[in-house]
Amino acid sequence: MNSKLVLEITDFETAFYIKPKDKYLFALREINFELYKAQKIAFVGESGSGKTTLANAILQLNPNNVTTYFGNIIFYPQKENCSICLDKYSIVTTEEHYDENTQTTSYDIHTLDEELLNHIRGNHISMIFQDPFTALNPVLRVGEQISEVILNHNLNITKKEVYDKVIELLSKVELPEPHIIYKKYPHQLSGGQIQRVCIAIALANIPEILIADEPTTALDATLKHTILSLLTHLVGSFSTSLILITHDINLVKNYVDYVYILYAGEIIESGLTKQIFYNPLHPYTKLLMSCSVDKTKKGQKLPVIPYELPDLTDQDFIYEKCIFLNRCPQRNNRCETKKPQLYSIKGQKVKCLLYEK
Amino acid sequence: MIKLLLNRIVVLFITFIGITVITFVVINISPGKPQDMMDMSTRISFEAKQRLVKLYGLDKPLHIRYFNWFLRVIRLDFGTSFKDDKPVLKKISERLPATLLLNILSLGIIFFVGCTIGILSAMYQNKFFDKLTTIVVFLGYSIPRYWLAILCMIVFGIKLNWLPISGLRSVNWEYLPFVGKIWDILKHLILPVAISSFSGLAGLARYVRGSMIEQLNCEYIKFALSKGTQRKKVVFYHAFRNVLIPVVTILGLSLPDLIGGGFIFETIFAYPGMGRLGYEAIMARDYPLIMGIGTITAALTLLGNFIADIVYVYVDPRVRYK
Ligand SMILES: Nc1ncnc2c1ncn2[C@@H]1O[C@H](COP(=O)(O)OP(=O)(O)O)[C@@H](O)[C@H]1O
Ligand code: SF4
Ligand SMILES: [Mg+2]
């Protein structure tokens with residue numbers, strides 16, 4: 001990928017403090033990845049693997065019992081002439097943030113104050129959520145909720161311009177009769193329609209990055225692909241980078257360029273979409289593939305992976321052993337002895353001792 | 001929606017009739033008769049008493065009396081007071097403004113202060129402010145209002161001599177300048193309003209806190225934040241608009257308590273309102289006046305509830321557009 005870097009996460013780690021137990025739950029560890037302009041990547045993992053925590057971390061939206069952060073979330077704004085990024089915050093143009101060689105500005109999202117964070121949210125980086133029925137404010141009109149994101153980031157804009165823009169967005173997400181939808185309340189729309197509204201909100205300011213946290217999980221099977229096609233089509237037309245998060249690996253096959261497999265807070269495998277699909281390496285990825293509905297014959301029971309996720313508060317285990325140890329069908333004696341690192345195999349990366357060189 | 005409101009009006013009307021029937025029956029079966037007061041006075045002759053009994057039909061059966069009363073009331077004729085023969089309606093209308101003033105002020109304070117405290121304690125959950133208000137709220141719940149009223153009268157009125165403790169105006173009110181007149185009334189209002197709103201305020205603050213915390217955990221809050229909306233706006237606009245829905249209902253429900261409490265409360269403060277008038281009327285078994293006050297009180301309460309219903313429909317679009 002030789003286009004521009006947009007987001008770079010290095011050695012990222014996050015933990016929740018659980019007060020009643022007086023323990024830390026290490027939700028994400030050793031997270032490293034890059035996102036390029038207009039690239040579409042997916043994070044795939046079962047429930048509890050830390051997908052939402054990762055998405056929230058990028059926009060600093062995690063619940064406030066998040067206590068420890070390690071690593072960096074470096075964002076490279078791409079919008080040229082973004083006055084706020086350039087002038088208002090001298091912080092972003094100081095040497096620290098400006099690289100002479102590549103002539104790029106960047107900053108670590110963790111170090112931003114509330115004001116600059118609000119500038120990034122919904123403008124440079126947007127997010128859409130899993131459950132369409134709780135994502136919108138039930139007492140505000142749909143049109144108002146779309147206008148809000150426009151008004152948040154466009155100071156000198158007239159009412160008429162905002163209205164026109166909302167209508168344009170509503171037609172872009174292929175909602176019929178946008179003037180009528182504008183006046184509706186969320187409970188008057190279907191799940192699919194609301195998810196379209198959410199996409200309109202997220203893309204209103206043509207952000208550099210869109211994070212979609214299980215955007216189709218709550219929708220009917222037939223709708224899933226319609227919404228995903230729309231989403232990837234729009235993202236493509238704006239050159240927005242996409243981080244698609246899902247627990248359903250088959251969903252991402254036709255929509256993304258690169259896949260990360262997340263297990264219990266760690267990336268255990270990553271590769272180009274076709275590598276992951278045609279040549280899965282990690283025992284967990286292989287199991288995921290065989291568990292999918294598509295590969296199971298009619299009448300046959302869906303296979304499940306036995307045992308549960310490891311206890312993420314158990315520091316000795318998660319930092320010393322292979323995270324998949326207790327469920328792995330291919331484990332051998334050596335697996336007990338040390339923790340695997342990510343090993344590179346023809347561009348594909350896998351965290352399993354079977355591939356140690 | 002119109003159907004919904006029409007429905008409510010019918011229900012409220014039936015409730016209203018029910019309340020007047022019950023009041024009527026309770027007054028009449030409670031011990032003591034209006035004649036009793038006159039019995040004690042030797043100056044009223046037996047014949048005069050009999051005349052009174054006839055005039056008000058006190059010798060007729062209960063249901064006939066209610067029916068007669070009802071027929072007169074729909075013509076807005078509440079009769080005259082046993083005590084001084086003044087029209088009941090006139091006596092009430094003299095007192096009503098003071099009571100309305102007290103209750104509207106109390107409701108306003110309950111709403112604004114209760115919501116503010118509730119929101120702030122939700123925002124600073126388990127911090128000092130939150131813990132402090134939790135204690136105050138607990139006291140507000142558990143201390144009897146009348147006891148607190150007397151305590152405050154002793155402390156602020158008698159010991160510290162900061163505030164007047166009875167009535168609504170000072171004796172020299174007539175001679176004060178305009179601003180002084182208003183200030184004088186305000187001073188008289190402080191204690192009654194503070195105390196009559198205290199427990200309602202405590203309850204509401206507690207409720208708003210819980211409801212706010214619940215709303216702030218909703219996904220739409222995270223979505224609003226992810227749009228770059230300022231936290232202040234997310235709390236006071238997005239979340240509060242949703243908290244407002246149950247708050248309207250609660251305020252509507254607290255109305256009877258407020259007005260009902262007024263009977264004893266106004267008496268304690270010698271407040272020139274309808275409540276004290278009602279208390280005196282009850283003590284004197286002044287049937288027409290009691291019924292008049294009961295009816296007006298019921299009508300006001302139901303009107304308040306009706307307004308709450310309308311506001312409720314207005315703040316919750318899910319009711320408006322089914
Ligand atoms: N606020 C929180 N406090 C404590 N633990 C949390 C909190 N949020 C998430 N977790 C834990 O972090 C882990 C990852 O959760 P999450 O990111 O929601 O996973 P996913 O989105 O993949 O289902 C889970 O073990 C979950 O229990
Ligand atoms: S390191 Fe061992 S236990 Fe872990 S995934 Fe590989 S084979 Fe399984
Ligand atoms: Mg999730």
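Taking a quarter of the surface of the Cα convex hull of region B:134-258, what do you get in nm²? All intermediate terms of the calculation are to be shown ahead of the outcome.
On the way: hull surface 43.9 nm².
Hull-based average projected area comes out at 11.0 nm².
Helical runs (DSSP H, four residues minimum) scored at -39500 (n - 2.57) apiece and divided by the length of chain B put the mean residue ellipticity at 222 nm at -24500 deg cm²/dmol. How far is helix A:221-238 tilted off the main Cα axis of chain A, in degrees rounded to 10, range 0 to 90? Result, in degrees: 70.
Only beta bridges with both residues in chain A are counted; by DSSP, about 65 percent of them are antiparallel.
Report in % the part of the accessible area of the protein assembly as shown that belongs to carbon and sulfur, leaving out ligands and nucleic acids; probe 1.4 Å. The partial results should precede the final answer.
Details: 20700 of 33980 Å².
Roughly 61 percent, rounded to a whole number.
The separation of region A:248-294 from region B:188-225, counted between C-alpha centres, amounts to 48 Å.
Once C-alpha pairs closer than 8 Å and six or more residues apart are averaged by separation and normalised to the residue number of region B:92-320, the relative contact order reads 27 percent. For region B:101-201, the set of trypsin sites (Lys or Arg not before Pro) satisfying both a DSSP loop assignment and a count of at most 14 other C-beta atoms within 10 Å is given as B:LYS127.
Spin-label model, B:ILE29/A:TYR163: points 7 Å from Cα along the beta carbon direction are separated by 6.3 nm.
Projecting the Cα atoms of A:PHE26, A:LEU7, A:ILE276 onto the dipole axis of chain A, where Lys and Arg carry +1 and Asp and Glu carry -1 at the beta carbon, places A:ILE276 farthest toward the positive end. Of all aspartates and glutamates in the structure, the ones whose alpha carbon falls short of 15 Å from that of A:LYS321, not counting any fewer than 8 places away in one chain, are A:GLU30, A:GLU266, A:ASP311, A:GLU336, A:GLU356. Computed from Cα positions, the angle between helix A:159-172 and the longest principal axis of chain A comes to roughly 40 degrees. The spacing between region A:119-147 and region A:47-63, judged by their C-alpha centroids, is 17 Å.
With contributions of -39500 (n - 2.57) from each DSSP H run of at least four residues, the per-residue ellipticity at 222 nm computed over chain A stands at -8500 deg cm²/dmol.
Taking only Cα atoms, what is the 0 to 90° angle, nearest 10, from helix A:191-203's long axis to the longest principal axis of chain A? So the inclination is approximately 80 degrees. In this structure, the amide hydrogen of A:ALA27, modeled 1.01 Å from its nitrogen in the peptide plane, lies closer than 5 angstrom to those of A:THR14, A:ALA15, A:PHE16, counting only residues at least 5 positions away or on a different chain. Average accessible surface for the protein assembly as shown: 50 Å² per residue, computed with a 1.4 Å probe over protein heavy atoms with every protein chain in place.
Size descriptor for the protein assembly as shown, Kirkwood hydrodynamic radius: 30.7 Å (Cα pairs only, one decimal). For chain B, the pair-distance distribution built from all alpha carbon pairs, in bins 10 Å wide starting at 0, is 5, 20, 25, 23, 16, 7, 2, 1, 0 percent. Which of rounded, prolate, oblate describes region A:1-56, given a ≥ b ≥ c as roots of the alpha-carbon gyration tensor eigenvalues and a/c under 1.5 marking rounded, otherwise prolate only if a/b is larger than b/c? Prolate.
The antiparallel fraction among DSSP beta bridges confined to the protein assembly as shown stands at about 65%. Could you pull out the pairs from A:LYS165/B:LYS232; A:LYS51/A:LYS160; A:LYS184/B:LYS131; A:LYS183/B:LYS127 whose alpha carbons sit more than 31 Å apart here? Beyond 31 Å: A:LYS51/A:LYS160; A:LYS184/B:LYS131; A:LYS183/B:LYS127. Starting from the Kirkwood Rh over alpha-carbon pairs, what translational D in µm² s⁻¹ does chain A have by Stokes-Einstein at 20 °C and 1.002 mPa s? Rounded, D is 99 µm²/s.
Provide the buried accessible surface between chains B and A in square angstrom, both chains summed, 1.4 Å probe, rounded to the nearest 100. Roughly 2400 Å².
Close amide-amide hydrogen proximity is noted between A:TYR36 and A:VAL6, each under 5 Å apart and 5 or more residues distant or on a separate chain (H modeled in the peptide plane; Pro and chain starts excluded). Among A:PRO178, A:PRO63, A:PRO283, which one shows the biggest mean-square fluctuation in a GNM of chain A, springs joining Cα atoms closer than 10 Å? Maximum fluctuation in the GNM of chain A, among the listed residues, is at A:PRO63. Cross-link reach is defined here as a Cα-Cα straight distance under 18 Å, omitting same-chain residues fewer than 8 places apart; for A:LYS274 the aspartates and glutamates meeting it are A:ASP248, A:ASP257, A:ASP294.
The values are calculated or read from the model by the stated rules, or taken from the named source; none is laboratory data. Quick caveat: nothing in here was measured; it's all calculated off a predicted structure. All Cβ positions, even for glycine, are placed from backbone atoms using ideal geometry, and neighbour counts span all protein chains on display. Calculation scope for accessible area: heavy atoms of the full protein, side chains included, ligands and nucleic acids excluded. Shrake-Rupley method; radii C 1.70, N 1.55, O 1.52, S 1.80 Å.
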